[in-house]
1. With each label point set 7 Å from Cα along the Cα-Cβ vector, what nm distance links Trp95 and Ile9?
2. Sorted by mean Cβ packing within 10 Å, highest first, what order do the peptides 6-17, 44-55 take?
3. How far apart, in nm, are two points set 7 Å out from the Cα along the Cα-to-Cβ line at Ile88 and at Arg166?
4. At 1.567 mPa s and 4 °C, plugging the Kirkwood radius over alpha-carbon pairs of region 1-43 into Stokes-Einstein gives what diffusion coefficient in µm²/s?
5. Which lysines, if any, have their Cα less than 18 Å from the Cα of Lys74, not counting same-chain residues under 8 positions apart?
Amino acid sequence: MILGILTAILIVLILLISGDKGSRSIVTTVLNAGLLLAAVFLIDRGVSPVPVTIGCCVLITGITLYYQNEGGVKSRASFLSVLAVILIMIPLVYWFALHANASGIPEEQYEITDSNGYTRNIGISMLSLQISIMFIALIGTVIDTAVAITAAIYEIRANNKDLPLRALIESSFTVSKAVLSTSIHTIFYIYIAEYMTLFIQYLTDYSFTTVLNSLSLSRELITISISGIGCCLAVPVATVLGAVMITREHCGDSAEA
């Protein structure tokens, strides 16, 4: 009941404040949720988790940028930036997941036991699942960062039509630094809020040293770090790509005029 009321309030506020953009945002969220559910279904059917997740992330990026944001040079620049960051992060995510030994179900989650009707052996590579989780956590923050940066570059260029490319990149980096600082704070507070109850429960049952060395805490810190690294990489990639592509778009429009 409460969930339904909160969802209705959220939808009404989105539509009232954002109008058509808001309706597109709602549809995009539903489509992206459907893609994630489809990915879970495919993984459960035995398809390798990592390719499924990466493909799902690319589709989510396309839907978010080309449907919700209605395409255009900003969407193209953001899309290419996200793809570039994903490609850069693939070996890094795999290396972290492989050497951190943070995959699998934590021992602290004692409620997931055979005696409770669950099984810890689900027949899927836990390492692959951990890599998939990292990419899903990464994609949202990278998309947000890339969109914010390219939108800012577009506005700078639109209001300074004679600005040279080098000056545009320098001005864009000033905005990008502010976007990065807020994105990093957002990542940190989301994870802290999400796992605060769990950590309090762990501190009740375990010593502080045990909690610091626990699989749950280390895994979440790794995921936060991966998301933060992705945001940092998105800043120069989106700034340079956005500035170059938007400048070319404006130059092409000026030539046609």
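Read-outs: derived from the displayed coordinates by stated rules, not from any lab. Model, not experiment: these values are computed from the prediction. Positions of Cβ are backbone-derived with ideal geometry, glycine not excepted, and every protein chain shown enters the neighbour counts.
1. 4.6
2. The peptides rank, most packed first, as 44-55, 6-17.
3. 2.3
4. In µm²/s, the coefficient rounds to 113.
5. Lys21, Lys161
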